[in-house]
1. In whole Å, what is the distance between the alpha-carbon centres of the stretch 116-148 and the stretch 28-43?
2. Testing the spin-label approximation: label points 7 Å from Cα along Cα→Cβ at S277 and F218. State their distance in nm.
3. Could you tell me whether the stretch 51-104 comes out rounded, prolate or oblate from its Cα gyration tensor? Rule is a ≥ b ≥ c as square roots of the eigenvalues, rounded for a/c under 1.5, then prolate if a/b exceeds b/c, otherwise oblate.
4. Hand me the tally of lysine pairs in the stretch 56-194: alpha carbons under 26 angstrom apart, and the pair either on different chains or 8 or more positions apart.
5. Taking every eigenvalue of the Cα gyration tensor of the stretch 77-143, multiplying by 5 and rooting it, what semi-axes result, largest first, whole Å?
6. Sorted by accessible area (1.4 Å probe), largest first, how do W17, W250 line up?
7. Mind putting a number on the dipole of the stretch 13-310 about its Cα centre? Charges go on the C-beta only, +1 for Lys and Arg and -1 for Asp and Glu, and I need it in Debye to the nearest 20.
8. Mind checking the full-extension length gain between E90 and E26? Use 0.36 nm per residue of separation minus the Cα-Cα distance, one decimal, nm.
Amino acid sequence: FQAGLVTENSFVLAEGWYDDGIFHVEAFGLPPPEKAETTRSYFGNINFFGGPSPIQVKGSSRLAKVEAENTEVMFVILSDVWLDDSKVMEKLNTLFMGYSAFPPTAFILCGNFLSSPKVLSHAKTLQECFRELGSMLSNYPDLISTSQFVFVPGPNDPVHSTILPRPTIPNSIIEAFMKKVPGAVFTSNPCRIQYCTQEIVVFREDIVTKMCRNCIRFPKEGNIPSHFAKSLMSQAHLCPLPLHVSPIYWAYDSSLRVYPLPDLIITADKYDPFVTSAMGTTIVNPGSFSRTNFGFKVYCPATRDVQDSQVSDPGDATFNASTSQVSDLSLLQGVESQSQSQVLDDPEVETIE
């Protein structure tokens, strides 16, 4: 067996011999992944990623120049943002306070947005939580006017949670929040972001955990993030699992495909945080904000670096990332930025201004 998490429903390559009606396998592995540059050399400027442009913008020299010159651009990435947890709300307030002086390009907040399903009162509870979040953000007008807030629903949020891709959170829940943060974007899950020449895919699903649980043979060597990255790249799909494990709307299966490979894949999973690379694509798992002592990731497109960050308690020792600045309270570990980007939903397209 070669490296990777091989699950039922995956494409594999098997080598061996056929004798007496039986195929004897000597070697078993995943198909070799293909770099995005190789794919585009065959298909030219065809836009596989989506969005309003009929051609892909990967080769735009003007956008590449803008991307390289804006060295302070960053995306702040959080997952499992439990809005009904008072400690989480306290840390979010500290986070927003720390970044208020240096607004980032975007906050990408992934669900679940409640700590546990509320069954009958789930929608009402979430509505109240978003109203409270909107009131909190009203204290930071610079963030509202400068940064883009992107919300990606999680498996337990009030949408069709058992089938992928998941639609946006209903307007009835976020109506009060949108009045206070009118520029916020509530996306489908997964969603796509085009920043200059970079293609970013955000997927909120416990996919690492599911693939480990359903793999045919668990790897004996190597680390799980590397095996996961190889599997994702080889399958060119965000969810290479059988339908009884993870059902998919076939009409929208294209939203789960990663061909050609994007520049960044954010797989927001409750698995331990990690950053790994394969075939020129960076794969990031920010981990659970609520479970990892309020840790999150910061992505800098100009350098393609991913930095570990954390909201610390007052009095705790803090440190700076190499290109970061700390807020006045010295509670925030991260970097700061300012720019524009574009969020691409499936099937809708949203533009971030």
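The values are calculated or read from the model by the stated rules, or taken from the named source; none is laboratory data. No experiment lies behind these values; they were computed from the predicted model shown. Cβ placement follows ideal geometry from the backbone for every residue including glycine, while neighbour counts extend to all protein chains displayed. Ligands, DNA and RNA are excluded from the accessible area calculation, which covers all protein heavy atoms including side chains. Shrake-Rupley method; radii C 1.70, N 1.55, O 1.52, S 1.80 Å.
1. 41 Å
2. 3.0 nm
3. Because a/c hits 1.5 or more and a/b fails to exceed b/c, the stretch 51-104 counts as oblate.
4. Eligible lysine pairs with Cα atoms under 26 Å apart amount to 12.
5. Its equivalent ellipsoid spans semi-axes of 23, 12, 10 Å.
6. The ranking, largest first, comes out as W250, W17.
7. The calculation lands at about 500 debye.
8. 17.4 nm
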